[in-house]
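Notes follow once the structure below has been shown.
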Amino acid sequence: MNKSQLVEAVAREARLSKIDAVKALNAFVKVAVEALRGDEKILLTGLGTFSTVRYPERMGRNPRTGAPVRIPARRAVRFRPSRTIED
């Protein structure tokens, strides 16, 4: 499902216009990104939890040459589904 399909489904389910559904979805994405950048968790009951995880800097190898390569530290988003999705 892409964004336009999600907007259409939300509009239909909530009985909103597509314009209002787009505004709501864009607002959710904006708030979620700000929260995750601030290392906050987002718990959506019935869906799951979004959180961030930090990966430290490490050494890797270039698979073509075998030369050591420094892989910089990074932060990633983790999603853990709720049990209702897993069933």
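The values are calculated or read from the model by the stated rules, or taken from the named source; none is laboratory data. Because the structure is a prediction, the values reported are computed rather than measured. Reconstructed Cβ throughout: ideal geometry from the backbone, glycine too, with neighbour counts over all protein chains shown. Heavy atoms of the whole protein, side chains included, go into the accessibility calculation; ligands, DNA and RNA do not. Shrake-Rupley method; radii C 1.70, N 1.55, O 1.52, S 1.80 Å.
Brief remarks on what is shown
- Note on the stretch 1-45: residues that are open to solvent by less than 100 Å² (accessible area, probe 1.4 Å), assigned to a loop (DSSP other than H, G, I, E, B), touching a residue at least 12 places away in the same chain (Cβ under 8 Å) and not charged (D, E, K, R) total 0.
- Of the criteria (1) without any contact (Cβ under 8 Å) to a residue 24 or more places away in the chain; (2) open to solvent by 70 Å² or more (accessible area, probe 1.4 Å); (3) under 13 Å from the mean Cα position of the chain (by Cα), which one Glu57 fails: (3)
- The stretch 46-87, residues that are of a type in the set (A, V, I, L, M, F, W, C) and outside any strand (DSSP E or B): Leu47, Ala67, Ala73, Ile85
- Breaking point among (1) loosely packed, with under 13 Cβ neighbours inside 10 Å; (2) under 14 Å from the mean Cα position of the chain (by Cα), for Gly48: (1)
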